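First the structure, in the form of structure tokens, and then the observations on it.
Every number here is computed from the coordinates shown, using simple stated rules; none is lab data. Quick caveat: nothing in here was measured; it's all calculated off a predicted structure. Backbone-built Cβ (ideal geometry, glycine too); neighbour counts: all protein chains shown.
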């Protein structure tokens, strides 16, 4: 699980700093790996090597949206649903995170590695050069 502290300005012009949580379970990563020809890590590496910017942007967006959620108060569950995801995407926190990942290869690599657990072998991809 990755806890990301994001500072942003809300739509009432108030600066806020909040913690946001991102996580992919082993089963979610396995499903992504098994339903992507050649595996997700290889696909990401190939897209990055080809500098396919539209595909890179889509993958970052999908990873952010697929991994965003909120911990239950008792810590037993990590809740992900369309309502929570939609709420997050309607904030400047989402916009700030998206821009950070799209423009900072080191931050993008840290994010991807932070949200993905190890399943047999780590799903790691080096983003950027």
Pseudo-spin-label distance residue 16 to residue 45, built 7 Å along Cα→Cβ, given in nm, is 4.0
Proxy exposure order for 29, 112 (fewest C-beta within 10 Å first) is 29, 112
Is the shape of region 55-119 best called rounded, prolate or oblate, per the rule: a/c under 1.5 gives rounded, else a/b larger than b/c gives prolate, else oblate, with a ≥ b ≥ c the square roots of the Cα gyration tensor eigenvalues? oblate
Projected label distance in nm at residue 3 and residue 31, using a 7 Å step from Cα toward the beta-carbon: 2.7
The chain - convex hull of the alpha-carbon atoms, volume per residue in Å³: 115
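By per-residue mean of other Cβ atoms within 10 Å, what is the highest-first order of 30-36, 6-12, 43-49? Could you put the intermediate results ahead of the total?
Details: 30-36: 14.1, 6-12: 11.7, 43-49: 16.6.
The peptides rank, most packed first, as 43-49, 30-36, 6-12.
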For the chain, the longest principal axis of the Cα atoms and the Cα long axis of helix 40-49 enclose an angle in degrees, to the nearest 10, of 90
Would you mind classifying region 8-69 by shape? Square roots of the alpha carbon gyration tensor eigenvalues, ordered a ≥ b ≥ c; an a/c under 1.5 is rounded, otherwise it is prolate if a/b is larger than b/c and oblate if not. oblate
Please give the calculated 222 nm ellipticity per residue for the chain, where each DSSP H segment of at least 4 residues contributes -39500 (n - 2.57) and the sum is spread over every residue; nearest 500 deg cm²/dmol? -15000 deg cm²/dmol
